[in-house]
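In what follows, a structure is listed as structure tokens, so that the remarks can point back to it.
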């Protein structure tokens, strides 16, 4: 087994594990109606990011990108739906969801009706997916500032932060081996910020959520 194959297998396991970390939080959110440690914007951006990177995987014929982002798309959409069911008021989440759908429609209309050329479409979709993933990766910086200011580790739960660190490392190495900046690029800031977030959680702790029956 060569290095790339090993890293590919590890990336599959790490990413599926990361996806699974959202299940307990999603269930707890549904049972308690508490969305504090499960920010809607994170689920929504993850869903849009997975959709674009899934398509990018299809365009560049990469089985790992196709499989993992297909699974991620389904799970993140479920998380978005559950979050919408328990969030009140719905004005902001629905506006964000509508904006995301509109963005995808405009993006794909432009690619297939204006750009047309397959290689350029792949480049554009990969870039768009990479930029959005980078934005998603740096979102915790706002939580981190608040954590330091208020001396707490609230926000993303520990299990998701730990999974994100492992995922960032595996995707960083995988992307470097593929020499694909759209794959490895977003994971540099993600790894740094998730590590800082982990330090905040371990140093300050998180408020306990309501018990789930």
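A few remarks follow.
- Relative to the dominant Cα principal axis of the chain, helix 140-150 is inclined by about 20°.
- The chain: relative contact order in percent, alpha carbon pairs under 8 Å with at least 6 residues between: 28 percent
- Between residue 70 and residue 148, the contour length at 0.36 nm per residue exceeds the Cα-Cα span by 24.5 nm.
- A straight line joining the Cα centroids of the stretch 65-100 and the stretch 9-36 runs 13 Å.
- Most tightly packed first, judged by the mean number of other beta-carbon atoms within 10 Å of their residues, the peptides 101-111, 25-35 read 25-35, 101-111.
- When only Cα pairs below 8 angstrom with a gap of at least 6 residues are kept, the stretch 30-130 shows a relative contact order of 37 percent.
- Classified by the C-alpha gyration tensor, the stretch 95-149 has an oblate form. Its axis ratio a/c, with a ≥ b ≥ c, is 1.5 or above, and a/b does not exceed b/c.
- Scoring 63-71, 91-99 by mean Cβ neighbours within 10 Å over their residues and listing the highest first yields 63-71, 91-99.
- Using alpha-carbon coordinates, inclination of helix 63-86 to the longest axis of the chain, degrees: 40 degrees
- Global geometry of the stretch 46-130, whether rounded, prolate or oblate, following the gyration tensor of its Cα atoms and the 1.5 cut on a/c: oblate
- Angle in degrees between helix 118-138 and the longest Cα principal axis of the chain, rounded to the nearest 10: 20 degrees
- Placing pseudo-labels 7 Å out from each Cα toward the beta carbon at residue 114 and residue 91 gives an inter-label distance of 3.3 nm.
- Estimated inter-spin distance, residue 123 and residue 13, nm [label 7 Å along Cα→Cβ]: 3.8 nm
- Anisotropy class of the stretch 1-60 from Cα gyration tensor, a/c 1.5 cut: oblate
Computed from the coordinates by the stated procedures, all read-outs in this text should not be read as laboratory data. Note that the structure is a prediction, hence the values are computed from the model and not measured. Every residue, glycine among them, receives a Cβ derived from its backbone with ideal geometry; neighbour counts consider all protein chains shown.
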